[in-house]
Structure formats: C-alpha cells, structure tokens
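Input: a single structure, listed below in structure tokens.
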Amino acid sequence: MKFYSTNNTSSRVSFKDAVFNSMPQDKGLYMPVNIPRLDDKFINNLDSYTLPEIALHVAQNLLGDDIPADDLKTIIYDAINFYAPIVKLEENVYVLELFHGPSLAFKDFGARFMSRVMSYFLEEGEKQLDVLVATSGDTGGAVALGFLGVPNTRVTILYPKGKVSDIQELQLTTNGQNIRALEIDGTFDDCQALVKQAFTDKELNEKYRLTSANSINIARLIPQTFYYFNAYAQLLKLGKGKVVFSVPSGNFGNLGAGLLAWKMGLPVERFIAATNANDTVPQFLTTGVYQPKPSVATLSNAMDVGNPSNWVRIADLFKEDMNQLKNLVTGYSFDDAETLKAIHAVFDRYNYVVCPHTAIAWQALKDYQQDVHVDDTAGIFLSTAHPCKFPDVFPDEIASHIEIPEQVRSLHTKTKHSVELGKDFEGFKKYLLKNN
Ligand SMILES: *Cc1c(COP(=O)(O)O)cnc(C)c1O
C-alpha cells in the first residue's frame, strides 16, 4: 500500500517512509491511497476468529505486501498479546475494555504495533532510531513500554513536572534500558514545543536519527482498527448484529481508526464523538463550522485538545461527502461536573468504576440512546484507560473499589530515574548532545 499526504493527494510514499517520517514535509498527514473493503464472508464470520487472527487479516488487507505475511504475523502476535473484552453492563450497553495492555491504556495497541514495525524496518547496520515523545501522561507510558528492549532504538520521554499522576510517573521513569525520562519544569505544551523544535534543529538531526511516536503516525492508527472488528465479533457471538460505538475523543485518532474500520466494511450504525469541554468536533457536527480553539484543562486531561490533530484524516475520509460524515457521527460534550456525575452513576448502577474519559463516553451513549430510540442496536462505549491511573478524581468510597492490576503493584517497588530540565530549548539540546 502507498500513502499520500492529506495536503497533496497525488504524493506517494511507501509504508516504511510513512512510518519513519511520521508527518509529510507539507504538514499534512499520511493516508492510504485506497482503503480496500474486506470480503463479506470475513465480516459475517468474524466471531470465529481470535483478536490476533482478526488483526492479521485486517492489517494484510490494508498493507498488502509491505510486510510479508509471516513477518506481519510475528509483529502482530507479539504486539497484540492482551485481550480487549466487551462487558455487558445492562441491556444494549457494553463497555469495551481497552486497558489490559502493559500501560493500562488503549494507546498500548498503537504504541506496541508501531514500535515493532519500526524495529522491523530498521535494517542491519542502520543508525539507531531516537524516538522523542512529549506526554501529558498516557502516551509516554505506552510508548516507553512499547519500545522497551526493542533493539537499535532509544526513547526520550518529556513530561511536565508535577502534572502527571503518581502511577503515570512511575510508568515513565522506572524502565531503564533504552528508555529515559526528562522531567520538564513546565506544561505539556512546553514539552511538545521542545520536541517540535528538536525536529527542526540542524545539529541534532545531523547527529541523531530522530522520529516521533505521536498519534499522527499512521502505524499507531492502523492497529486501533483491530479492536473495533474484535468488539463486533464478540457481539456476533451474543447473537447481536447492529452496533453504535461511543468513543471518548481528544486528538481523534481513536475515532479515526473506527471510521477506517467502517470504510473497510465493518457494519456500524453510528459513531458517537464524546468529548469534554474541548468540544471543537461536537460543535462542528451541529453547526457545520470547524473552529479550533485553545484547549481548556479538565478532569479527563488526555482529551484536553482544542485542535485535534487527526481531524484532517477524518475530513479526508469524507471529502467527497461531508453529509455522510454528519449522518454517521454524532457529537456530545460534557463538563467536569457532568463527568463526575457520570462516574457516580456508573458506579451506583453497575458497581463498575470508569476513568473520567470513559465516563464521558458512557454518558454520551446514554444520551444518544435516549435521543434516538434504537432498541435493537447494541451500544458499546470504549474504555480507554484503567481508573487506577487517575486516583485523584475519585471519592474514597469509589476509589476503594478500584482493583489495582499487578503491573501497577510491582511499579511501587521500583526506583524513579529522571533528569530535571527547564523548559528552554538550549538546555534540552545540550542534554541530548551530551548524553549520547
Ligand atoms: C489519548 C487518550 C484519549 C484520547 O484519544 P484520541 O485518540 O486522542 O482521541 C482518551 N482517553 C484516554 C485515557 C487517553 O489516554
């Protein structure tokens, strides 16, 4: 499969180039030249396959012969080695748990697949790949654990000092090996600005082979289609065939992947774009005006994005027919008070604890089901992170019901290693040049 830039649809690059460049020079995003439909037989029989089997079939459908089948199989079976169950909470309300990977967030799907694809494409004797990643919490952990021990790669994580949760910080700073963590005295935006400047710095780029692990990378998006197919497979097993997905959204990679799955033939009645107060997309879906704005801080901080970077991909998928997009995607947004209310409601009704991002997706699904009476359609809301990653959000009575997974309990026995830096570029650059 070849890829074009959303800013120049006649451009063509290989999958390898799309993965290593992350972003085209023209600042568009890479998209596959065509999105082949899977055959009906596969879709109708999804319930007879496992998650890695589905993943392999879907990836082959999209990538063609970019990676030979045996190698692709090795990559997928190594990357997607945890499960993604749907759990029934009430009639037609299911939660898709995407937090069973090593970092306890759905970003493990993208990060683990991308790291293995990059490692696969790195040829013998090639210069070490230096991955720079700025994180507000979840991305850094997934990327660190995705690349941990992957030969010929090194990851440098930049995170805002004092602004990630304790568990997130431990996930970023206790890895060792080829992972190092920089604690920046600033905000997430400062971290991102440092990374961006590094990519344009001549001296750094001569010395190092820098790449980004941000969600703009197409290799992070593709594996996120897998769990939509797998969720549908689980519904088929329950004798259900009509589905709406509610997706808690920030940069819109997750929803973009869902739409990619739909383009490949997954029968989805509707997607719900669920956001916090950063409601650029829900606003667009109701008013038709796309007006990015500065982000505001919320309880669901992994979705604090005012100008979602993957929106250009979604717009590109529907460029021939924006009305089709509006008929397929409905937006809902909720403020922090509503988010807390939803966390309580989910706990009271089902004795189940959701993280603040997931709570927003649940509330959006419930509101949608009330607004549009579709009794024969199953609603699946995506749970993007384990609630234990956000301990400060919950009152004690709910917090005490959160089961702490083994990955987290063992973190507390490890020692934090990080380097504290200011937010000035010169200090960051000096650190990179000195610590070869
Ligand atoms: C990253 C993240 C999101 C937002 O996903 P996008 O693909 O950027 O829309 C939602 N919830 C959690 C927990 C996240 O870490």
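The values are calculated or read from the model by the stated rules, or taken from the named source; none is laboratory data. Every value quoted in this text rests on a predicted model; they were computed, and no experiment measured them. Reconstructed Cβ throughout: ideal geometry from the backbone, glycine too, with neighbour counts over all protein chains shown. Side chains are part of the model used for accessible areas, which takes the heavy atoms of the whole protein and leaves out ligands, DNA and RNA. Shrake-Rupley method; radii C 1.70, N 1.55, O 1.52, S 1.80 Å.
Only one of Glu406, Glu320 is surrounded by fewer than 17 Cβ atoms within 10 Å (Cβ to Cβ) and over 30 Å from Ser22 (Cα atoms); which?
Within the list Glu406, Glu320, the selection yields Glu406.
Within the range 365-399, how many residues are more than 30 Å from Gly162 (Cα to Cα), away from the ligand (no atom under 16 Å from the Cβ) and either exposed (fewer than 13 other Cβ atoms within 10 Å of the Cβ) or touching a residue at least 60 places away in the same chain (Cβ under 8 Å) (or both)?
Going through the range 365-399 one residue at a time, the tally reaches 13.
So if I check each of Ala219, Ala193, Ala213, Ala233, which one is hydrophobic (A, V, I, L, M, F, W, C), more than 12 Å from the ligand (Cβ to nearest atom) and open to solvent by 40 Å² or more (accessible area, probe 1.4 Å)?
So the residue among Ala219, Ala193, Ala213, Ala233 that is hydrophobic (A, V, I, L, M, F, W, C), more than 12 Å from the ligand (Cβ to nearest atom) and open to solvent by 40 Å² or more (accessible area, probe 1.4 Å) is Ala193.
Of the residues that sit in the range 255-270 and are in contact with a Ser or Thr (Cβ under 8 Å, 6 or more places away or on another chain) and open to solvent by 10 Å² or more (accessible area, probe 1.4 Å), which one is farthest from the ligand (Cβ to nearest atom)?
Glu269
Quick one: is Asn251 within 16 Å of the ligand (Cβ to nearest atom), modelled with pLDDT under 95 and either outside any strand (DSSP E or B) or aliphatic (A, V, I, L, M) (or both)?
Criteria met by Asn251.
Please find, within the range 236-248, the residue that is least open to solvent (accessible area, probe 1.4 Å) out of those that are outside any helix (DSSP H, G or I) and over 27 Å from Gly306 (Cα atoms).
Step by step, filter the range 236-248, then rank; the result is Val243.
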